[in-house]
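Working notes, beginning with the structure itself.
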Amino acid sequence: MKAKTDLPDSELLRLMLAGDEESFTLLYRRRQGGIYRFALQMSGSPQVAEDVTHDVFLFLMKDGNVFDAARGSVSSFLFGVARNYVLRRFRGDHATVPFADDEEDQDFDRETNVPGPLDDLTRAETIESVRRAVLSLPEKYREVVVLCELQELSYGETAEALGCAIGTVRSRLHRARSLLHAKLSPSGEQTELESSTAVESARCFA
Amino acid sequence: MNCQRFESIASELARNQIMEADVRSEALAHSAKCVNCLARLRNEEMLTRGLNALATGMNSLEAPPALEARLVSAFRQPQVIVPMPVMRGRRFYWLAAAAAVLFIIFSVSTFRWHREQPAPHEARLTPPTPVKNVDGPAPQQIQTPKQPVFAVKSDDKPKHQPRRNVRGSALQAKAVITPNKDINSNHASEVATEFMPVGYWNAAALQDGGQIVRVELPRTTLASFGLPVNMDRYNEKVKADVLLGVDGMAHAIRFVQEKRLQ
């Protein structure tokens, strides 16, 4: 007989909804880390991350039967629920949006990124600057960066979680990385524009 | 490969995403020739390393252990558990729709069946009781031994009650009751008016029972109820059925005439 630890998420969910506490515990331990980190990377607040994780698994207890295996994995389903709770927090409490793309952040970037964070990304300060840059992205770009880059979900899984097409994920990620380049470069947006112009002119000779 | 094409796949290349081997080799070959594209690729690779470092640094973060205890506690509360429905998908909805249709059919047929039942306010008359008679000899009551309980359908009640100057007591006094031993057998050969109220009509008075008595009245009595009188036969009698309550009072009357043979 198969041990419960070897069961797939969907089976654990089925058992959990039938009232099996052990299945719930296993599923929670298997997925809580990713959900917590996703909420933390999206919000920048450990308190929000904890609340969102709590809400996601409470939702799973009450309304877990809405999960449809034909539409994706349990993991994607949970990320989708978490994303909705995070966005709800953003809309309900603007104070939880930790970093706006304002002058203060630009100053912070300039101070910490001299001579430039991309020169030495292994340093802790630089990791912190990347974290802040990710947090400063608009929501729709931030969520694809968090899911694809930080949670290492595939394009397909990310599309399932966000409820959009794979092409949308791909294009948003491309745009998000461009924005991150701009934020992490010492000269900001200008560098991106210059880079685009350079590519534009070089294309003629390639 | 040109720079525009390289630009579109630079991040995929830096992230080591799966792509066709030919495209990868062409892109690397192009970056070897193009300084800008090479710089672009290096930037993408550094960004990827930075994001990977961030992901690695946060990889150990987990929800507080107290959260698990709270959720398990919530899980143990019975109202939280919602059993997964046995049937899912379209089959469930089809069955639900079929059940709804059956329920509607059952409701309609039950409603119709109730409407087809006889009216509940059917007046049941008790076996005949002696009739009080104020003047003259006591009238002979019409016995119906084979059918002691004589039901009067609601159709026999006066549907239209025109205002008339009715004098029930006078009618009762003048009534000359003649025996008719086979009143039921005459129904087929008789035509009758509807029961018309005599005096104050109170259907509640008939709930305790009553009695129909065949009488003969002067033909001029028809005029008292607004019915036409054939003056050529004004001195003749006319038959009538009087509905008596348990109090012995006349409550309604209908006039009876034998059918004429064609």
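The values are calculated or read from the model by the stated rules, or taken from the named source; none is laboratory data. The structure displayed is predicted, hence computed values, not measured ones. Every residue, glycine as well, gets a Cβ built from its backbone with ideal geometry; the counts of neighbours run over all protein chains shown.
Here is how the numbers come out for the structure above:
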read-out	value
Only one of A:E21, A:E11 that is acidic (D, E) and away from chain B (no Cβ under 11 Å)	A:E11
Test: residue in the range A:27-42 that is touching a Pro at 6+ places or on another chain (Cβ under 7 Å), within 11 Å of chain B (Cβ to nearest Cβ) and modelled with pLDDT of 90 or more	yes
Index of the failed condition, B:I177 passing every other in (1) modelled with pLDDT of 85 or more; (2) over 38 Å from the mean Cα position of the chain (by Cα)	(1)
When residues of the range B:1-39 are limited to those that are touching a Phe, Trp or Tyr at 6+ places or on another chain (Cβ under 8 Å) and hydrophobic (A, V, I, L, M, F, W, C), the one farthest from A:E149 (Cα to Cα)	B:C34
Residue that is farthest from the other protein chains (Cβ to nearest Cβ), among those in the range B:15-56 that are at pLDDT below 85 and within 30 Å of A:G44 (Cβ to Cβ)	B:N16
Qualifying positions in the range A:43-69 - more than 8 Å from chain B (Cβ to nearest Cβ), within 14 Å of A:E11 (Cα to Cα) and among the small types (G, A, S)	A:A69
Qualifying positions in the range B:1-36 - surrounded by fewer than 16 Cβ atoms within 10 Å (Cβ to Cβ), in a helix (DSSP H, G or I) and charged (D, E, K, R)	B:D22, B:E26, B:K33
Inter-residue pairs, beta-carbon under 8 Å, first in contact (Cβ under 8 Å) with a residue 24 or more places away in the chain and in the range A:52-63, second of a type in the set (S, T, N, Q), 6+ apart	A:V52/A:S43; A:T53/A:Q32; A:F57/A:Q32
